[in-house]
Amino acid sequence: MSPPAEADQFCFSLHGHELVIDRSRITTAGPPIETQIDAYANGDRRSFDVTITYPDGLLGTVLRELVEIPYGETRTYAAVASQCDTAPVAVGTMCGQNPLPLFVPCHRVVGNEWEWWLFCCRRCRAETIPAAV
């Protein structure tokens, strides 16, 4: 999957992390994306009113599984891998390719030792953050 064109990118900072969203993969019938992200960051929103266009293949399979992780909960790479019929390392790789960090909560996937890792941001690798948001 190639990176989104500059016009399709939406960049923002959340809890000190710079995130890039591929805008071409989401549509909203509700408030603008920026408004929803602000409300989420302020603790006034726990989910998003968006429709996601998932990529094909394993990435799409993993992303569909990640959106099922409720706010305030986490899953291990192994648990997600089991649901997707793949290996935990493949789940980590797919989290690293997530074109919709925050909307698809790859930050809720943790290691077996309950270490909290951010794998979803293309520029932020393996930085410790709270996973259950």
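Does ARG108 meet the test of being charged (D, E, K, R) and either at pLDDT below 95 or in contact with an Asp or Glu (Cβ under 8 Å, 6 or more places away or on another chain) (or both)?
For ARG108, the condition - charged (D, E, K, R) and either at pLDDT below 95 or in contact with an Asp or Glu (Cβ under 8 Å, 6 or more places away or on another chain) (or both) - is met.
Looking at TYR40, TYR71, which one is touching a residue at least 60 places away in the same chain (Cβ under 8 Å) and exposed (fewer than 15 other Cβ atoms within 10 Å of the Cβ)?
Every option except TYR71 fails the conditions.
Just the residues that are under 14 Å from the mean Cα position of the chain (by Cα), assigned to a helix (DSSP H, G or I) and not hydrophobic (A, V, I, L, M, F, W, C), please, taken from the stretch 58-85.
Hits for the stretch 58-85 are GLY60, THR61, ARG64, GLU65, TYR77.
In contact (Cβ under 8 Å) with a residue 24 or more places away in the chain, in a helix (DSSP H, G or I) and within 25 Å of GLY111 (Cα to Cα), is that true of VAL20?
So VAL20 does not fit the description; no.
So, PRO31, is that one exposed (fewer than 15 other Cβ atoms within 10 Å of the Cβ) and at pLDDT 90 or above or not?
Yes, satisfied.
Scan the stretch 34-57 for residues that are at pLDDT 95 or above, in contact with a helix residue (DSSP H, G or I) (Cβ under 6 Å, 6 or more places away or on another chain) and not β-branched (Val, Ile, Thr) and jot them down.
Residue satisfying the conditions is TYR54 alone.
The values are calculated or read from the model by the stated rules, or taken from the named source; none is laboratory data. Bear in mind that the values here come from a model prediction, so they are computed numbers and not experimental data. Here Cβ is always computed from backbone atoms with ideal geometry, including for glycine, and neighbour counts include all displayed protein chains.
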